[in-house]
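What follows is a short report on a single structure.
The values are calculated or read from the model by the stated rules, or taken from the named source; none is laboratory data. Being a predicted model, the structure only gives us computed values, none of them experimental. In this analysis, Cβ positions are derived from the backbone assuming ideal geometry, glycine residues included, and neighbour counts consider all displayed protein chains.
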Amino acid sequence: MQGMSKTRFYMALAITMLLIALYLVQMRKTPESITSKNPVLEGWYADPEGAIFEHKFWIYPTFSAKYEDQVFLDAFSSEDLIHWQKHNRIIDTAAVKWANKAMWAPCIVKKDSSYFLFFSANDIQAPFRQGYVADENKTGGIGIGIASKPEGPFRDYLGKPLIQEFHNKAQPIDQFVFQDSDGKYYIIYGGWGHCNIAKLNNDFTALVPYPDGNLVKEITPDGYVEGPIMFLRNRKYYLMWSEGNWTDDTYQLAYAIADSPFGPFKKLDTVLKSDPAIATGAGHHSVVNIPGTDDWYIFYHRRPIPNEGRDHRVVCVDRMYFNPDGTILPVKITLEGVPKLKLR
């Protein structure tokens, strides 16, 4: 074999061996080694509502932009937490005539054969707030869209806000709908440092007064700012919320546990916060429990480093774990995200 031929032969052999090695490495990859990576969605989004419908994972986020540009909501679906399909403009201000800006913080509930998408709009202000202008704050608050499919399109269900008043000085935003073990539905909501809970009637057209005649009860824990969610685990009620300033690295998540959806809720700990090595401003979240398991996932937004804009927020997902006594372990925010998972 001539020198040149030998060189070519050994080069070809080396390349072949390298390709075989790469193939074997790829074949050894398990589902656990394939991860979602964070962020999981492309683009600027925040306040993600995670859900499971039709054997798929769903994310319903806020479009993170100037208030005047927040005139629609998108949704995303995935069969494995890795690959996400975008569903454009599942609802917008063309469908909700009373809304004109600041469509925020969707949450979704399937009831019977319909999907109810709760959202807040217009960033309505109160007379007791500095800078209040009456003509700019005639209508706004928490509304509802309805559709026959999780991807919509959603139409305006009520033709007006479900909640527009400032009960207990809470701004009517950041709603979360919780179904208790007895089948009753409650809406937990509130900005400006106040958290309210109200009972929804059977068709979600109104609030049901409590025995004392009030429509809402305040359940605000210490440190609360906005973004409440509630879930039930082992007959205990968990209230989680965001605290700090949503525009900077003080934004974080805290929680409390009670024996009733009405509390009292006493702050136990902070469970999600900035990590200067990864991202800042981690907050405004939701959680998903995989049916038939005690596996929990937390969907949240955070700010990339460097953070170059007020509205530069991205949606991420990580695991959430519990101690044997039911308390929540601090969530580690990651770049890897979570392993591939298909629902059964």
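Values for this structure:
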| read-out | value |
| --- | --- |
| Residue match in segment 250-263 (condition: part of a strand (DSSP E or B), over 23 Å from TRP58 (Cβ atoms) and β-branched (Val, Ile, Thr)) | yes |
| Within segment 96-134, considering residues that are among the polar types (S, T, N, Q) and more than 27 Å from VAL315 (Cβ to Cβ), the one modelled with the lowest pLDDT | GLN130 |
| Output for segment 254-265, where each listed residue is without any contact (Cβ under 8 Å) to a residue 60 or more places away in the chain, out of contact with any Asp or Glu (no Cβ under 7 Å at 6 or more places or on another chain) and on the phi < 0 side of the Ramachandran plot | ALA256, ALA258, ASP259, SER260, PRO264, PHE265 |
| Pairs where the first residue, in segment 158-181, is under 14 Å from PHE204 (Cβ atoms) and of a type outside the set (A, V, I, L, M, F, W, C) and the second is part of a loop (DSSP other than H, G, I, E, B) and modelled with pLDDT of 95 or more, C-beta under 8 Å, 6+ apart | GLY159/LYS97; GLY159/TRP98; LYS160/TRP98; LYS160/THR139; PRO161/TRP98; PRO161/THR139; PRO161/GLY140; PRO161/PRO172 |
| Residue list for segment 272-291, filter: under 21 Å from ILE108 (Cβ atoms) and either assigned to a strand (DSSP E or B) or of a type in the set (Gly, Ala, Ser) (or both) | GLY283, HIS284, HIS285, SER286, VAL287, VAL288, ASN289 |
| Residue match in segment 57-65 (condition: within 22 Å of LEU341 (Cα to Cα) and either part of a loop (DSSP other than H, G, I, E, B) or hydroxyl-bearing (Ser, Thr, Tyr) (or both)) | yes |
| Flag if HIS312 is over 19 Å from TRP241 (Cβ atoms) and of a type outside the set (Val, Ile, Thr) | yes |
| Every pair of residues 6+ apart whose Cβ atoms lie under 8 Å, when the first sits in segment 315-330 and is touching a residue at least 60 places away in the same chain (Cβ under 8 Å) while the second is in a loop (DSSP other than H, G, I, E, B) and among the basic types (Lys, Arg) | ASP318/LYS332 |
| Filter result (of a type in the set (A, V, I, L, M, F, W, C) and either touching a Cys at 6+ places or on another chain (Cβ under 6 Å) or more than 22 Å from ILE173 (Cβ to Cβ) (or both)) within segment 208-259 | ILE219, LEU232, ILE257, ALA258 |
| Strands (runs of 3 or more DSSP E) fully within segment 81-189 counting 1 or more residues that are under 19 Å from the mean Cα position of the chain (by Cα) and under 21 Å from LYS66 (Cβ atoms) | 85-92, 104-111, 114-121, 141-147 |
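Residue by residue, here is whether (1) farther than 20 Å from PRO61 by Cα; (2) exposed (fewer than 13 other Cβ atoms within 10 Å of the Cβ); (3) not aromatic (Phe, Trp, Tyr) holds:
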| position | (1), (2), (3) |
| --- | --- |
| ILE278 | yes, no, yes |
| GLY292 | yes, yes, yes |
| PHE299 | no, no, no |
| ILE305 | yes, no, yes |
| GLU308 | yes, yes, yes |
| CYS316 | no, no, yes |
| VAL331 | yes, no, yes |
| GLU336 | yes, yes, yes |
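One line per residue, one yes/no per condition, for (1) closer than 23 Å to THR139 by Cβ; (2) touching a strand residue (DSSP E or B) at 6+ places or on another chain (Cβ under 6 Å); (3) of a type outside the set (D, E, K, R):
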| site | (1), (2), (3) |
| --- | --- |
| LYS169 | yes, no, no |
| LYS184 | no, no, no |
| ALA206 | yes, no, yes |
| PRO228 | no, yes, yes |
| TRP241 | no, yes, yes |
| GLY263 | no, no, yes |
